[in-house]
Amino acid sequence: MKVLLGVTGCIGAYKAAEVLRGLQKAGVQVRVIMTEHATEFVRPATFEALSGQSVIVGMFTQSDHSRIEHIATAREADLLLIAPATANILAKFAHGIADDFLSTVYLSNTNPVLIAPAMNVEMWNHLATQANLKTLRERGDLFVEPGVGYQACGEVGVGRLAEPEEIVTAVLAVLSPDSRLPTPDSSKDFQNEHVLLTAGPTVEDLDPVRFITNRSSGKMGYAIAEAARDRGARVTLISGPTKLAAPAGVETINVRSTREMYEAVMNHLADATVFIGSAAVADFRPVNRAEHKIKKQGKANFTIELEPTEDIIASVAADPNRNGRIVAGFAAESQTVLTYADKKLREKGLDLIVANDISRTDAGFDVETNAATILKRDGSRVELPLQSKRELADRVLDEILKLR
Ligand code: PMT
């Protein structure tokens, strides 16, 4: 297997050398492309010595002029990895700008693309960057999400390059669709588990144009799916409508309504050893769905009659064939968070519940980070301070395993 590793200009560029070594240990051949700015942080000689191959920097510096270099280079590999990826390269990729070798390879590439962004928190949060990320995700590019922490500029927040082991694990998962390839130094502590999980919102239609839904983006659930996959689990993701690309190596079933989500969960429950309900499921749906668009009746009030939906996680917990299956839920609360979460834990028959305080702007719905308290049936609690959803996903999985 061959990977093209694009290195762009930021302080985390030196970590690309560790990524390269990790991939080589897993038997992957790596060819490095650097942007001019990247060479200000790390010399090409470092990557040449490690990879045993010349590093491509400029558009016109290759000696073999008998072939179209950027197209030939793109075709030689099975995956294009960019680590670290600056806000600048994301913008170029999103807009199809091809003014250096790496961005030109991106445009000529037809293989999977995996991007590990790294930048200052304000640059990450800027609407321009977020719009570019959205474009790239919608296009199917895959991401190793940045972590939260102290940054080179002294600020604290999202934007730190993911750890090299995490990037290597993600590469191997993409290269191996069943995600069962051996990975270097990484724990496979979920390899005997089948994790079934829900993510995103559900949508309840009123008529062909109107519906009831909520703000869930699916980011938390997709992060759990990827974390479980990387730890060796077989993963089945039942997802409400989101803008996220289906994670590689995860069986993903797309649904819309609560009833569809309920049926998909029940159809895949039999051999699931862990169930995680991270979806924000509609608690009510309209009693009647109009076949045609509902017309305005003058200025009269309009009343919609709602009925309760299926409680998916409560049904999973009450399954008579549950055996040793661990059932974990989420609770999104804006007040008396722990009291309400504890009530749900007990009333729904869960083993643990992850309570996120959605009154914070940096946690809960549709943000990259989350902070939560895990409540268990024995009354114990685990505090999870603000971190990326991917990091929090791993902490939730750690606590699930402790219940085994
Ligand atoms: O998707 P993101 O934008 O990343 O946001 C993540 C999140 C905030 C949606 C997620 O972290 C979260 O908190 N999900 C649960 C949302 C919620 O409010 O759940 P709830 O309190 O309504 O339900 C409690 C539990 O029962 C949840 O596990 C839920 O999936 C489950 N449930 C609820 C109702 C229902 N009819 N069936 C269910 O299975």
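The values are calculated or read from the model by the stated rules, or taken from the named source; none is laboratory data. The structure displayed is predicted, hence computed values, not measured ones. All Cβ positions, glycine included, derive from the backbone under ideal geometry; neighbour counts span all protein chains shown. Accessible surface areas use protein heavy atoms only, side chains included; no ligands, DNA or RNA. Shrake-Rupley method; radii C 1.70, N 1.55, O 1.52, S 1.80 Å.
Things to note:
- Full extension of the chain segment joining Tyr14 with Leu206 gains 63.8 nm, where the gain is 0.36 nm per residue of separation less the Cα-Cα distance.
- Distance violations [Cα-Cα > 21 Å] among Lys188/Lys243; Lys2/Lys25; Lys219/Lys293: Lys188/Lys243; Lys219/Lys293
- Accessible surface area normalised per residue over the chain is 46 Å², counting heavy atoms of protein chains with a 1.4 Å rolling probe.
- Magnitude of the charge dipole, the stretch 2-179, Cβ model with Lys/Arg +1 and Asp/Glu -1, debye to 20: 180 debye
- FRET efficiency for Phe302 and His95, using Cβ-Cβ distance with R0 set to 56 Å, rounded to 0.05: 0.80
- Residues of type aspartates and glutamates that Lys295 reaches as a straight line, Cα spacing below 20 Å, ignoring anything fewer than 8 places off in the same chain: Glu204, Asp205, Asp207, Glu305
- Percent accessible area from carbon and sulfur atoms, the chain, protein chains only, probe 1.4 Å: 51 percent
- Reach of Lys15 by Cα under 13 Å, taken over aspartates and glutamates that are not fewer than 8 positions away in the same chain: Glu163, Glu165, Glu166
- Full extension of the chain between Ala131 and Ile71 gives 18.8 nm of extra length, using 0.36 nm per residue less the Cα-Cα distance.
- Adding -39500 (n - 2.57) for every DSSP H run of four residues or longer, then dividing by how many residues the chain holds, sets the calculated 222 nm ellipticity at -9000 deg cm²/dmol.
- Within the stretch 162-177: backbone nitrogen closer than 15 Å to the Lys25 label point (7 Å, Cα to C-beta): 163-172
- What you get for the chain, charging only the Cβ of Lys and Arg (+1) and of Asp and Glu (-1), is a dipole of about 560 debye around the Cα centre.
- Relative contact order of the chain, pairs being alpha-carbon contacts under 8 Å that are 6 or more residues apart, as %: 11 percent
- Efficiency of FRET between Arg289 and Glu138 - r from beta-carbon atoms, R0 35 angstrom, step 0.05: 0.80
- Rounded to whole Hz, the Karplus (6.51, -1.76, 1.60) HN-Hα couplings of the stretch 278-290, x for glycine and proline: 9, 5, 9, 8, 5, 7, 9, 9, x, 4, 10, 9, 5
- Net charge contributed by nearby residues that have their C-beta within less than 12 Å of Asp78 (K/R +1, D/E -1): +2
- Residues of the stretch 353-368 with amide N under 11 Å of the 7 Å Cα→Cβ point at Arg377: none
- Toward the positive end of the charge dipole of the stretch 2-179, with +1 on the Cβ of Lys and Arg and -1 on the Cβ of Asp and Glu, the farthest Cα among Asn125, Ala87, Val19 is that of Val19.
- Based on the Kirkwood approach, the hydrodynamic radius assigned to the chain is 22.6 Å, with every pair of different Cα atoms included.
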